[in-house]
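The values are calculated or read from the model by the stated rules, or taken from the named source; none is laboratory data. Here the structure is a predicted model, which is why all the values come from computation and not from measurement. Cβ placement follows ideal geometry from the backbone for every residue including glycine, while neighbour counts extend to all protein chains displayed.
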Amino acid sequence: MQLLHRLWEAIVRFWKRRHLTQILLLILLVFILLSILWFAFIASRANVQTLKDGLSQATTIYDQNGEEASKLATNRTGGVPIEDMPEYVPNAVVSIEDERFYEHNGFDVKGIARAFFGNLFAGQITGGGSTLTQQLTKNALLSSERTYKRKVEELFLAVKLEKVYEKDEIIEMYLNQVYFGSGAFGINNASKKYFAKDIQDVTISEAALLAGLLKAPSALDPYNNYEASIKRRNVVLAKMNELGKISDSEYKEAKAEQIQLKDGGGSLADRKYPSYVDAVLDEATSKYGLTQDEIMTRGYRIYTELDQNIQSGLEKVYSQNYHFPDRASDVLVQSGSVLLDPKSGGVRALVGGRGDKVFRGFNRATHLRAQPGSTMKPLAVYTPALEEGYEYDSMLVDKKMSFKNYNPKNFSDTYKGEVPMYEAVENSINLPAVWLLNEIGLNKGIDAVKRFGIKVEKKDQNLALALGGMYNGVSPLKMAEAYSAFPNGGKRQDGHLITKIVGPTGKVIAEHDGSTTRVTSKSVANKMTSMLLNVVESGTGKGTYIEGVDLAGKTGSTQLPYADINGTKDQWFVGYTPNIVGAVWLGYDQTDRNHYLSSSSSKDVVPLFRAIMEETLPHVEKEEFTVKSINESQSGNIDYDKTGKAIKDKADKLEEELKNRAGKVEDKLKEEAPKWKKVFEQMQEDAGKVGDKVIDKLREWKGQ
């Protein structure tokens with residue numbers, strides 16, 4: 001103990017003698033000063049003078065050629081001046097969000113301290129402490145990340161913002177750009193969305209409800225959680241009364257008011273190409289980490305793979321009701337479709353459904369998860385079988401049989417005993433597919449499906465995968481991406497909509513880098529295309545055949561869960577030319593005894609796909625596959641124009657080669673000529689000698 005005591009005293013003396021306390025304090029102060037200077041520098045570079053104009057700029061979507069395709073005409077643009085709002089409207093927001101708004105200079109020390117200790121005890125950044133000025137700064141100029149660095153940046157920028165704008169200008173900008181849920185940006189549009197009236201006409205109670213939504217627009221959405229929104233409204237009213245913004249009688253009257261909800265619009269429904277734009281927003285948020293608020297309030301320029309001609313044609317088909325088998329009067333049969341460039345993976349067009357286009361609603365082209373039926377066969381069975389050495393004419397077993405507890409059957413419940421592979425593909429026969437997957441091994445099928453970019457859950461890992469039996473299912477986008485490997489020589493590009501996102505200052509903040517996956521060999525891809533060409537020429541997809549167009553594809557359907565009803569639950573067609581891949585799903589969102597597709601197999605989706613291709617192909621470069629269909633190969637049909645040209649080309653090459661070889665022979669003869677001359681002279685001399693000997697011998701015989 002005495003030794004430790006002396007050691008401690010020595011450390012204390014050293015500490016005091018070296019003035020380490022003062023040095024550490026100095027270092028800390030220098031660090032704080034440098035941090036302040038750094039954040040002040042960042043704030044000085046921000047052009048907050050243009051913030052008001054920037055908040056009125058719509059985010060713009062550009063097509064593949066860089067031409068403007070659509071504007072996200074957010075309802076924050078063209079907002080309501082604060083002098084046109086009832087005084088209790090901004091008062092409600094200020095009371096619940098930032099009660100000291102008119103007293104501070106951009107930040108509130110009390111609020112920051114309260115949030116700091118709350119975050120400290122929580123062990124993470126949970127938010128809070130931001131003034132309305134800071135929230136406006138965050139929404140307009142900063143990222144949405146929750147870090148102390150961002151909070152400090154927010155604070156300095158808020159101070160600068162308060163120096164440039166008056167308080168009423170700040171609250172006006174805030175109210176006209178903030179998100180109130182249900183697709184409504186800006187308080188006037190929120191008033192239309194929830195009460196079907198302009199903000200000038202709302203009551204105190206309604207204004208309080210709108211102010212209460214700012215805490216959690218989705219969770220407190222009165223259409224989905226009415227009681228929670230009313231409870232929050234009462235908190236706002238109590239705060240307004242506490243701060244003297246409303247009288248006791250006004251408080252009691254407003255609290256007793258029964259809020260009547262009425263949707264009068266006000267959401268983002270006036271954008272062009274709504275399904276495509278919504279999918280762009282989904283990709284920007286899920287893939288690139290942006291928030292909806294950022295995208296909708298910062299005037300971004302988003303460049304995409306969109307082809308406006310193809311998109312317009314696709315929307316035209318979906319606007320023509322005669323393409324769809326609406327057998328139920330109360331609910332539309334739904335559909336989702338995607339058209340994709342196989343070489344780049346770029347989505348040229350998509351439609352996510354029929355009927356009303358809700359802002360960022362359920363998009364059946366990208367959000368749907370449905371069992372793909374027989375469209376899975378080329379991916380899970382026939383591609384890996386070809387890789388294992390099977391050929392298009394390999395004979396497959398077609399007998400009714402069981403695989404342990406799995407008892408598949410053919411659609412017609414008839415069996416041929418055995419069929420060649422191409423016939424099983426062409427007519428979508430079930431048993432040969434299941435038998436073949438069992439023969440090559442389930443794991444090879446699972447591996448192939450994953451290579452095609454489709455997730456296989458543990459529950460999907462059984463022989464039913466051969467027929468598209470999947471627990472969660474797939475989207476049209478994923479099916480189009482998977483099939484794109486066939487016309488692209490066995491390589492799959494990531495399906496995507498966005499190429500890059502440019503901020504209001506011109507800085508590229510996100511860009512598609514892409515990745516290529518080698519799914520299978522070019523030879524196997526071509527063999528699959530040969531068989532899938534048969535499907536369109538003479539198989540289950542022959543209704544999609546278009547004269548003069550090289551089109552390959554596969555049908556798919558799923559059974560109803562009712563044994564006593566004939567019909568289908570889902571219908572699919574996935575098809576492709578050398579330059580475009582299309583995937584279409586058809587069915588009801590909720591299938592029941594009154595809502596199902598009454599046709600068998602894929603009879604409804606096939607003509608729909610044909611209509612889509614007829615609108616699409618005029619805008620796609622025409623090209624032929626390098627392979628023929630099995631039908632054409634077996635029939636021996638010859639395209640004489642192609643054949644004549646091929647023969648002429650080969651003849652020209654042969655003539656050229658013979659000329660080259662003749663030239664070489666001539667050169668060789670010239671080189672060897674002197675040697676051969678000596679040989680001939682020696683042969684002549686030898687021949688003369690032999691002749692003399694023969695004559696002498698003859699004379700000798702004559703003399704005898």
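The residue pairs whose first member lies in the range 521-541 and is under 15 Å from ASP393 (Cα atoms), whose second member is in a helix (DSSP H, G or I) and aromatic (Phe, Trp, Tyr), and whose beta carbons are closer than 8 Å, counting only pairs six or more residues apart or on different chains, are MET528/TYR382; SER530/TYR422; MET531/TYR382; MET531/TYR422; ASN534/TYR422.
Out of all the residues in the range 335-350, which are in contact with a Lys or Arg (Cβ under 7 Å, 6 or more places away or on another chain), of a type outside the set (Ser, Thr, Tyr) and outside any loop (DSSP other than H, G, I, E, B)? Outline the logic, then answer.
To start, the set of residues in the range 335-350 that are in contact with a Lys or Arg (Cβ under 7 Å, 6 or more places away or on another chain) comprises 335-336, 339-341.
This time we only want the ones that are of a type outside the set (Ser, Thr, Tyr), so: 336, 339-341.
Across the range 335-350, the qualifying residues are GLY336, LEU339, LEU340.
Just one of (1) surrounded by fewer than 24 Cβ atoms within 10 Å (Cβ to Cβ); (2) of a type outside the set (D, E, K, R); (3) within 16 Å of MET376 (Cα to Cα) fails for ALA563. It is (3). If the condition is being of a type in the set (A, V, I, L, M) and touching a helix residue (DSSP H, G or I) at 6+ places or on another chain (Cβ under 9 Å), then the range 218-236 contributes ALA219, LEU220, ILE230, VAL235, VAL236. Of all residues in the range 351-367, those satisfying the criterion of being assigned to a loop (DSSP other than H, G, I, E, B) and within 15 Å of the chain's Cα centre (by Cα) are GLY352, ARG360, PHE362, ASN363, ARG364, ALA365, THR366, HIS367. Look at the range 84-96: where a residue is part of a helix (DSSP H, G or I) and a partner is small (Gly, Ala, Ser), sitting 6+ places away or on another chain with Cβ atoms under 6 Å, you get TYR88/ALA207; VAL89/ALA207; ALA92/ALA207; ALA92/ALA208; ALA92/ALA211; VAL93/ALA211; ILE96/ALA211. Pairing each residue of the range 233-244 that is assigned by TED's automatic domain parsing to the domain that holds ARG100 and surrounded by 20 or more Cβ atoms within 10 Å (Cβ to Cβ) with any residue that is part of a loop (DSSP other than H, G, I, E, B) and of a type in the set (Val, Ile, Thr), provided the two are 6+ apart or on different chains, yields C-beta distances under 8 Å for ARG233/ILE259; LEU237/ILE246; MET240/ILE246. Here PHE573 passes the criteria (1) modelled with pLDDT under 95; (2) aromatic (Phe, Trp, Tyr); (3) crowded, with 16+ Cβ neighbours inside 10 Å except the one numbered (1). Cβ separations smaller than 7 Å between residues 6+ apart or across chains give the following pairs from the range 304-320 residues that are among the acidic types (Asp, Glu) to residues that are modelled with pLDDT of 95 or more and surrounded by 24 or more Cβ atoms within 10 Å (Cβ to Cβ): GLU305/VAL347; GLU305/ARG348; GLU305/LEU497; ASP307/ARG348; ASP307/ALA349; GLU315/VAL351.
Show me the helices (runs of 4 or more DSSP H) found entirely inside the range 274-334 where at least 3 residues are acidic (Asp, Glu). Spell out how you get there, then give the answer.
Working: elements: 274-286, 292-297, 308-319.
Ranges flagged: 274-286.
In summary, helices (runs of 4 or more DSSP H) completely within the range 181-247 and bearing 2 or more residues that are at negative phi, charged (D, E, K, R) and at pLDDT 95 or above occur at 226-242.
Residues that are small (Gly, Ala, Ser) and within 30 Å of GLY353 (Cβ to Cβ): does the range 251-263 have at least one?
Keep residues of the range 251-263 that are small (Gly, Ala, Ser), which gives 254, 256.
Adding the requirement that they be within 30 Å of GLY353 (Cβ to Cβ) leaves none.
Checking the range 251-263: not a single residue is small (Gly, Ala, Ser) and within 30 Å of GLY353 (Cβ to Cβ).
Taking the range 412-465 on its own, how many of its residues are assigned to a helix (DSSP H, G or I) and within 32 Å of the chain's Cα centre (by Cα)? Residues in the range 412-465 being assigned to a helix (DSSP H, G or I) and within 32 Å of the chain's Cα centre (by Cα): 22 in total.
Hey, could you check the range 178-226 for residues that are crowded, with 24+ Cβ neighbours inside 10 Å and without any contact (Cβ under 8 Å) to a residue 40 or more places away in the chain and say which is farthest from GLY265 (Cα to Cα)? Among those residues, the one meeting the criterion is LEU213.
For the range 257-271, indicate whether the set of residues that are assigned to a helix (DSSP H, G or I) and surrounded by 16 or more Cβ atoms within 10 Å (Cβ to Cβ) is non-empty. There is no residue in the range 257-271 that is assigned to a helix (DSSP H, G or I) and surrounded by 16 or more Cβ atoms within 10 Å (Cβ to Cβ).
Can you tell me which residue among SER329, SER337, SER312 is buried (at least 21 other Cβ atoms within 10 Å of the Cβ), out of contact with any Asp or Glu (no Cβ under 7 Å at 6 or more places or on another chain) and of a type in the set (S, T, N, Q)? If you could, list the steps in order and put the result at the bottom.
Working: SER329 fails: buried (at least 21 other Cβ atoms within 10 Å of the Cβ); SER312 fails: buried (at least 21 other Cβ atoms within 10 Å of the Cβ).
Just a single option satisfies the conditions, and that option is SER337.
Screening ASP413 on (1) at pLDDT below 95; (2) over 29 Å from VAL584 (Cβ atoms) shows it passes everything except condition (2).
Condition first: over 24 Å from THR59 (Cα atoms), touching a Lys or Arg at 6+ places or on another chain (Cβ under 9 Å) and assigned by TED's automatic domain parsing to the domain that holds ASP248. Can you find one or more residues in the range 181-194 that meet it? Yes, there is a match, as at least one residue in the range 181-194 is over 24 Å from THR59 (Cα atoms), touching a Lys or Arg at 6+ places or on another chain (Cβ under 9 Å) and assigned by TED's automatic domain parsing to the domain that holds ASP248.
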